[in-house]
């Protein structure tokens, strides 16, 4: 093991301090006894207790999770279908235009997306609520899914699909039995991406949510405007915990799958 | 004709399994297949041979159903198969990349096609085991494709495409990814399996040696057309054009003008100050018609003195020697600058070689050794 040079050690410390000090402060103050956020008055978990009692926050959290699950699932289905057609559909009329257009929402300012969706929903007389947030999130996250999935499809050996057809699959069966299982990792990461995008979206959600449905980011944002409370700190800490656990679990699962594959390959090499 | 020899193409009564009827295939402005007609018979091992871009892969993809002819029809067992999609055809294909399903085990790869037919479980298991035995893969059945070697993958691809007992098996450059030694072993294995299963095989290859080894008949293709369709020995010994003679194996081509000299015998004037060459040909040539004389290097004898009874003999000096181990090819330069290749088997050790660079030598060949081809 090489020892770090002092220069590298300082760079590393500064870099990570920059990234994590704000979060660490937030976590520390979520355990503050005092109601004043900036004054430390001893350790306490009472804000967590109050949080669990706070109906408004719990409702918002539940709305957020439902919106994220529905919109990311819908976005994954639509985005995968779009990617499949654009990569596999051959040279149909307007393909280049469509390929370009699918990327446009990626760079579109969220304010514009949110505003135009708001106008649309008002125009067609749709009451704003969970449904409209789901639709809005699906709209902007499906292009992310489409980008992730199409980059996988480009490197996908088309003769695999032809082989499936050749062995008696209908095109739909070939997709279900061969293409989908092989591109599944890309589809899953597309879903996860859409899920996280939906979880932390504030701008588009605030345009498309109604009085009946508020997501957690909106709730936090409006609460903070009335002053930061230790309760918000506690809530944020919980969110950090959830994300951390999720990320660690995902990487452990991937690592184990890779280890198993390596073991299989070594076993194969031995018996040859 | 000996009736024991397998040669249905000689029998006017035989019904072909596959018929290309004036098939043309265009991709935009590009004509991949140009008004091509061809019969392939049951139990044949038929090779489509040609350089890349000659249309051989397009022929195969039309048979598999991935492409449809722009004009003309393809018949399989007397039935027009153009409107039938690939998944409904009694044709299976072994892909160049093997296209094994990476997420399925070897066993499941082979069972894949059978499952689509809803074969009863017991029959399916029996069929898969049979295929595993045929291709000597039984011990690898539970592995995934990435856990076996290239040669084994090739056999899985073969087993998978044979599992449904197709009327016709298509093989797209099946041995391209294997190294030379493994390729030779696999060629014989392929022939063996073809004979055992009695399936009609159509193989696409650009490797002429491979085509000659495995095939009952070879079709040499160029620019979407068939140049010659014949058995490997006829293709080699009696090419019908300079293109085929040049594409298959090594050949010396001498340009000249033919003059009749007795029945089926011609004199060829080919260079100023050189004695005319003599060659036989069943095809008629007009007086003074431009022609090409094709002579295989192994049919040219190299000697220090002029052989007394030689019909064709030319003198030159050794320009270069290609030593191939078992064979040596001598590049002999004639006084007018023409280079003629002569190949001999190295029956003696190299230190005892009779000729070396710059040695004056005589080259000779018989009247029947060369093939006379029209321009």
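Read the figures in this text as sums done on the coordinates, not as results from a lab. Values in this document were obtained by computation on a predicted structure and should not be read as measured data. A quick note on method: Cβ atoms are made from the backbone with ideal geometry, for glycine too, and the neighbour counts reach across all protein chains shown.
If R0 is taken as 56 Å, the Cβ-Cβ distance between residue B:238 and residue B:115 corresponds to a FRET efficiency of 0.70. Ranking of B:331, B:236, B:323 by neighbouring Cβ atoms within 10 Å, starting from the fewest: B:323, B:331, B:236. Our summary gives chain A a relative contact order of 30 percent, counting only alpha carbon pairs under 8 angstrom and 6 or more residues apart.
The three principal axes of the C-alpha atoms in chain B carry coordinate ranges of 78, 50, 45 Å, sorted with the longest axis first. Here's the picture: a label point sits 7 Å out from the Cα of residue B:374 along the beta-carbon direction, and within the range B:264-294 the residues with their amide nitrogen under 20 Å of it are B:264-269, B:279-294. Within the listed set B:67, B:44, B:210, the residue fluctuating most in the Gaussian network model of chain B (springs between alpha-carbon atoms under 10 angstrom) is B:67. With R₀ set to 30 Å, the beta-carbon distance separating residue B:207 from residue B:259 gives a calculated FRET efficiency near 0.15. Across all directions, the average flat footprint of the convex hull enclosing the Cα atoms of the range B:76-196 is 8.1 nm². Between 0 and 90 degrees, the angle of helix A:95-107 with respect to the longest Cα principal axis of chain A falls at about 10 degrees.
Using C-alpha pairs under 8 Å with a sequence gap of at least 6, the mean separation divided by the residue count of chain B gives a relative contact order of 14 percent. For the Cα atoms of chain B, what angle does the longest principal axis make with the long axis of helix B:150-162, in degrees from 0 to 90, nearest 10? In chain B, helix B:150-162 runs at an angle near 60 degrees to the longest axis. For the range A:1-91, rounded, prolate or oblate, judged on the Cα gyration tensor with a ≥ b ≥ c (square roots of eigenvalues), a/c < 1.5 rounded, else prolate if a/b > b/c? Oblate, since a/c reaches 1.5 and b/c is not below a/b. Computed from the C-beta positions of residue B:333 and residue A:127, the FRET efficiency with R₀ = 60 Å rounds to 0.05.
Take the alpha carbon gyration tensor of chain A, find the square roots of its eigenvalues, order them as a ≥ b ≥ c, and report rounded if a/c is under 1.5; if not, report prolate when a/b exceeds b/c, else oblate. Cα axes put chain A in the oblate bin.
How would the range B:48-117 be classified by its alpha-carbon gyration tensor: rounded, prolate or oblate, with rounded meaning a/c under 1.5 and the a/b versus b/c comparison settling the rest? Oblate, since a/c reaches 1.5 and b/c is not below a/b.
Summed over qualifying helices (DSSP H, 4 residues or more, each -39500 (n - 2.57)) and divided by its residue number, chain A shows a 222 nm mean residue ellipticity of -26000 deg cm²/dmol. For a modelled paramagnetic label at residue B:26, 7 Å from Cα along Cα-to-Cβ, the residues of the range B:70-93 in reach, with backbone nitrogen under 13 Å, are B:70-72. Along its three principal directions, the equivalent ellipsoid of the range B:1-127 from the Cα gyration tensor extends over semi-axes of 29, 22, 15 Å, largest first.
For the protein assembly as shown, the ratio of Cα radius of gyration to the globular rule of thumb 2.2 N^0.38 Å stands at 1.43. Within the listed set A:236, A:11, A:150, the residue fluctuating most in the Gaussian network model of chain A (springs between alpha-carbon atoms under 10 angstrom) is A:11. Placing a label point 7 Å from the Cα of residue A:21 along the Cα-to-Cβ direction, no residue of the range A:34-68 has a backbone N closer than 17 Å. Using every pair of separate Cα atoms, the Kirkwood estimate puts the hydrodynamic radius of the range B:251-374 at 15.0 angstrom.
In the elastic network of chain A, a GNM with C-alpha springs shorter than 10 Å, the most mobile of A:202, A:192, A:252 is A:252. Approximating the spin labels as points 7 Å out from Cα along Cα→Cβ, the residue B:354-to-residue B:225 distance works out to 4.3 nm. Reported to the nearest whole Å, the Cα centre-to-centre distance from the range B:228-260 to the range A:56-103 is 61. The order of B:263, B:173, going from fewest to most other C-beta atoms within 10 Å of their C-beta, is B:263, B:173. Principal-axis analysis of the Cα atoms of chain B puts helix B:106-116 at an angle of about 70° to the longest axis.
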